[in-house]
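Chemist: Would you mind keeping the following structure in view while I ask a few things?
The values are calculated or read from the model by the stated rules, or taken from the named source; none is laboratory data. Bear in mind the structure is a predicted one, so any value in this text is a computation, not a measurement. Don't worry about glycine lacking a Cβ; one is built from the backbone with ideal geometry, like all the others, and counts go over all protein chains shown. Heavy atoms of the whole protein, side chains included, go into the accessibility calculation; ligands, DNA and RNA do not. Shrake-Rupley method; radii C 1.70, N 1.55, O 1.52, S 1.80 Å.
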Amino acid sequence: MKHCGTQKLETDRLILRRYVSEDAAAMYKNWASDSEVTKYLMWQTHSSQEVSQNIVDDWTKQYFNNNYYHWAIVLKSNGDEPIGDIAVVHMNEEVSMMHIGYCIGRAWWHQEITSEALKAVMDFLFDVVDVSRIESRHDPRNPNSGKVMQKCGMKYEGTLRSSDRNNQGICDACYYALLKSER
């Protein structure tokens, strides 16, 4: 892999950019405080804007690492306010694999924004970072997350039973992946 850190990415409707400390209020308002958004995620709904602030401040400190990839999703028509999050949440250098996680505020569900963001990140990771495999997973009770993966060309690889934990407790995990050679 050719690590280069979180770079600004742009699509027709979106800007994917690094977080700044001032993003905490939008993060809290737009998705982190919403229990419907966090229902199938692995982190708890934020109880206050202070929680979001501490997390954003921690993330911004990581940008000096050239193997840290974490973007705020910004809708161009919405100014500079983040509406969601997408990041490499795990990587395995030995097999050139990155695992992507994402979430978006409920007001922007079912508009293909998450698919657009995921596609941009996948293209960047394949073309610039030279990753061989990109994967993601979702709780089968959250099929819309799987639809995002499918729209981006990821192939279903299987469901690992009782292999994960999220805000619903122990859960199954449906895995999807795309290899660079399959593009």
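Chemist: Let me know the charge dipole size of region 129-170 about its Cα centre in debye, to the nearest 20, where only the beta-carbon of Lys, Arg (+1) and Asp, Glu (-1) is charged.
Modeler: 160
Chemist: Quote the accessible area belonging to Val95 in square angstrom, nearest 10, computed with a 1.4 Å probe and with ligands, DNA and RNA left uncounted.
Modeler: Result for Val95: roughly 90 Å² accessible.
Chemist: If amide H atoms are built 1.01 Å from N in the plane of the peptide, which residues on other chains or at least 5 residues away come under 5 Å of the amide H of Tyr69?
Modeler: Val88
Chemist: Which of the pairs Lys2/Lys39; Lys2/Lys151; Lys2/Lys29; Lys29/Lys180; Lys61/Lys155 have their Cα atoms more than 31 Å apart in this structure?
Modeler: Beyond 31 Å between Cα atoms: Lys2/Lys39; Lys2/Lys29; Lys29/Lys180; Lys61/Lys155.
Chemist: Find out how many positive minus negative residues lie around Gly101, taking Lys and Arg as positive, Asp and Glu as negative, among other residues whose Cβ is under 15 Å from that of Gly101. List each step's numbers first, then the result.
Modeler: On the way: positive: Lys39, Arg137, Arg165; negative: Asp85, Glu135, Asp139, Asp164.
Combined, the nearby Lys, Arg, Asp and Glu give -1.
Chemist: Could you pull the accessible area for Thr159 with a 1.4 Å probe, rounded to 10 Å²?
Modeler: In the full protein context, Thr159 sits at about 50 Å².
Chemist: If you average the C-alpha positions of region 142-183 and of region 1-62 separately, how far apart do those two centres end up, in angstrom?
Modeler: Answer, in whole Å: 21.
Chemist: Percent of Cα-Cα pairs more than 25 Å apart in the chain, please.
Modeler: Beyond 25 Å sits 31 percent of the P(r) for the chain.
Chemist: Let me ask something else about it. Specify the residue with the greatest mean-square fluctuation among Gly153, Gly105, Gly79, computed from a Gaussian network of the chain linking alpha-carbon atoms under 10 Å apart.
Modeler: The residue with the greatest mean-square fluctuation here is Gly79.
Chemist: Using a probe of 1.4 angstrom, how much of the accessible area of the chain is carbon and sulfur, in percent?
Modeler: 47
Chemist: So which trypsin sites (Lys or Arg not before Pro) in region 96-182 pass both tests, a DSSP loop state and at most 14 other Cβ atoms within 10 Å of the Cβ?
Modeler: Arg141
Chemist: Using protein chains only and a probe of 1.4 angstrom, how many square angstrom of Tyr69 are accessible, to the nearest 10?
Modeler: Solvent-accessible area, nearest 10 Å²: 0 Å².
Chemist: What does the accessible area per residue of the chain come to in Å², with a 1.4 Å probe and no ligands, DNA or RNA counted?
Modeler: 50
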